[in-house]
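K.L.:
I'd like to ask you about the structure that follows.
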Amino acid sequence: DKGTYRHFMLKEIFEQPAVIADTLEGRISNGRVLESCFGFEAPAVLDAVQQVHIVACGTSFHAGMVARYWLEEQGVPCSVEVASEYRYRRPVIAPGTLFVSISQSGETADTLAALRSAKAAGCLSSLAICNVPESSLVRESALTLMTRAGREIGVASTKAFTTQLVALRLLAIVLGRRRGLAAEQEAALVAALEHLPRQVEEALGLNDAVEAMAQFFGEKEHALFLGRGSEYPVAMEGALKLKEISYIHAEAYAAGELKHGPLALVDANMPVVCVIPDNALVEKVISNLQEVRARGGELFLFADSGVASHFSEGTHLLQVGHVDDSIAPVVFTVPLQLLAYHVAVLKGTDVDQPRNLAKSVTVE
Ligand code: M6R
């Protein structure tokens, strides 16, 4: 039931504060992550983890890409790959490798096949981050951490993605704890998670402004999405959303890569979307965006309120509130989902059922 919403996708975008809170429920307490939420055997397995292989497809792969920044920050070696490649390579599975699959449906053929091949190759253990408890992926994985996004009907994944990020944040904390993450640092990360539903709610408050911004994309054929650090995969996810439902060709780049090729594409017809959290990379982003401006590129920016003043002139700028860097990818995802949604509505596409796509890809 879509309720008062025009599409399931919009309803699901607006459900995010609630489902994020649900995904945290009973899993954090007194400034700590309760690792029993990963399953009874989890503590012993987590003790033995030396590195992590994350494997997933599509949007779930982007969640894995964000998690790599989070895990490495905690000193955990981590690789991330799309399942269709992983399953046909011969990945070196060193002793102590935790295989982490991420999937909304738990039935994605390539992700399942990758899990089976990692198990056959002798990974230490397997963890599924999944939204469907009775799915094959959950049944076949030793450990599970369920996202509690509720049923996702829109083919374009939204609330599944942000709840995956929440689950992965919990994973980074429990592994980090074994590598010197101090109790007070953990408490700060947990506090940021506790603020997340409210901050996502605030980001949803940009809906009307994003709808107005969408007007500029109606006639465009291409768009570039930029981000740095853990916002690079957020840009990838924003670009995937836009192409999936509006059929506009969108590409994401790590902003530092601009000079290495994509800058050649930039002119007045190329909208450039960038997400800008308040972190150590902001000066770098400023100089990347100056390069875009100098080529006449039109900038559409989503910036933390702490840094927004650097970007105000001559750009389309929307401010999200001040967001802790540890959860910024979750919050910055929201306006990009809204942007894709409103552009698609403007173009009159079938938002919930984009052409050529299935909700669950159960064949290769
Ligand atoms: O069910 P899964 O998370 O395994 O699905 C993976 C992808 O097929 C999925 O995320 C796809 O990319 C979405 N349509 C993106 O919106």
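The values are calculated or read from the model by the stated rules, or taken from the named source; none is laboratory data. Bear in mind that the values here come from a model prediction, so they are computed numbers and not experimental data. All Cβ positions, glycine included, derive from the backbone under ideal geometry; neighbour counts span all protein chains shown. Surface areas here come from the heavy atoms of the whole protein model, side chains and all, with no ligands, DNA or RNA. Shrake-Rupley method; radii C 1.70, N 1.55, O 1.52, S 1.80 Å.
K.L.:
Looking at residue 53 and the list (1) over 29 Å from residue 198 (Cβ atoms); (2) in contact with a helix residue (DSSP H, G or I) (Cβ under 7 Å, 6 or more places away or on another chain); (3) surrounded by fewer than 22 Cβ atoms within 10 Å (Cβ to Cβ), which single condition is not satisfied?
P.N.:
Answer for residue 53: the failing condition is (3).
K.L.:
Inside the range 69-92, can you point out the residues that are open to solvent by less than 30 Å² (accessible area, probe 1.4 Å), away from the ligand (no atom under 16 Å from the Cβ) and among the aliphatic types (A, V, I, L, M)?
P.N.:
Selection gives 71, 76.
K.L.:
Among the residues of the range 217-240, which ones are of a type in the set (Asp, Glu) and either within 16 Å of the ligand (Cβ to nearest atom) or part of a helix (DSSP H, G or I) (or both)?
P.N.:
Across the range 217-240, the qualifying residues are 231, 237.
K.L.:
Does the range 294-314 contain any residue that is under 30 Å from residue 2 (Cβ atoms) and of a type in the set (Lys, Arg)?
P.N.:
So far as the range 294-314 goes, no, none of its residues is under 30 Å from residue 2 (Cβ atoms) and of a type in the set (Lys, Arg).
K.L.:
Look through the range 104-130, keep the residues that are open to solvent by 20 Å² or more (accessible area, probe 1.4 Å) and within 8 Å of the ligand (Cβ to nearest atom), and return whichever of them is nearest to the chain's Cα centre (by Cα).
P.N.:
Restricting to residues being open to solvent by 20 Å² or more (accessible area, probe 1.4 Å) and within 8 Å of the ligand (Cβ to nearest atom), the top hit is 104.
K.L.:
Can you tell me how many residues in the range 148-176 are in contact with a helix residue (DSSP H, G or I) (Cβ under 7 Å, 6 or more places away or on another chain), of a type outside the set (A, V, I, L, M, F, W, C), open to solvent by less than 50 Å² (accessible area, probe 1.4 Å) and more than 13 Å from the ligand (Cβ to nearest atom)?
P.N.:
Number satisfying all stated conditions: 2.
K.L.:
Which condition number does residue 182 fail, the rest of (1) open to solvent by 10 Å² or more (accessible area, probe 1.4 Å); (2) touching a helix residue (DSSP H, G or I) at 6+ places or on another chain (Cβ under 9 Å) being met?
P.N.:
Status for residue 182: all satisfied but (2).
K.L.:
Determine if the range 197-216 includes at least one residue that is more than 16 Å from the ligand (Cβ to nearest atom) and assigned to a strand (DSSP E or B).
P.N.:
For the range 197-216, residues more than 16 Å from the ligand (Cβ to nearest atom) and assigned to a strand (DSSP E or B): absent.
K.L.:
Going through the range 310-325 one residue at a time, which ones are over 20 Å from the mean Cα position of the chain (by Cα) and open to solvent by 20 Å² or more (accessible area, probe 1.4 Å)?
P.N.:
310, 312, 313, 314, 315, 316, 317
Conditions tested, residue by residue: (1) within 16 Å of the ligand (Cβ to nearest atom); (2) surrounded by 18 or more Cβ atoms within 10 Å (Cβ to Cβ); (3) in a helix (DSSP H, G or I).
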site: 306; (1), (2), (3): no, no, no
site: 327; (1), (2), (3): no, yes, yes
site: 331; (1), (2), (3): no, yes, yes
site: 336; (1), (2), (3): yes, yes, yes
site: 350; (1), (2), (3): yes, no, no
site: 356; (1), (2), (3): yes, no, no
site: 360; (1), (2), (3): yes, no, no
site: 364; (1), (2), (3): yes, no, no
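K.L.:
Looking at the range 215-223, is at least one residue acidic (Asp, Glu), open to solvent by 10 Å² or more (accessible area, probe 1.4 Å), within 27 Å of residue 340 (Cα to Cα) and in contact with a helix residue (DSSP H, G or I) (Cβ under 6 Å, 6 or more places away or on another chain)?
P.N.:
Within the range 215-223 (the criterion being acidic (Asp, Glu), open to solvent by 10 Å² or more (accessible area, probe 1.4 Å), within 27 Å of residue 340 (Cα to Cα) and in contact with a helix residue (DSSP H, G or I) (Cβ under 6 Å, 6 or more places away or on another chain)), the answer is no, since none of the residues qualifies.
K.L.:
Of the conditions (1) under 25 Å from residue 107 (Cα atoms); (2) more than 16 Å from the ligand (Cβ to nearest atom); (3) of a type outside the set (Ser, Thr, Tyr); (4) open to solvent by less than 10 Å² (accessible area, probe 1.4 Å), residue 39 clears all except one; give me its number.
P.N.:
Among (1) under 25 Å from residue 107 (Cα atoms); (2) more than 16 Å from the ligand (Cβ to nearest atom); (3) of a type outside the set (Ser, Thr, Tyr); (4) open to solvent by less than 10 Å² (accessible area, probe 1.4 Å), the lone unmet condition for residue 39 is (4).
K.L.:
Within the range 241-252, can one find any residue that is away from the ligand (no atom under 16 Å from the Cβ), crowded, with 24+ Cβ neighbours inside 10 Å and of a type in the set (Val, Ile, Thr)?
P.N.:
There is no residue in the range 241-252 that is away from the ligand (no atom under 16 Å from the Cβ), crowded, with 24+ Cβ neighbours inside 10 Å and of a type in the set (Val, Ile, Thr).
K.L.:
Checking residue 342 against (1) modelled with pLDDT under 95; (2) under 23 Å from residue 197 (Cα atoms): exactly one of these is not met. Which one?
P.N.:
(1)
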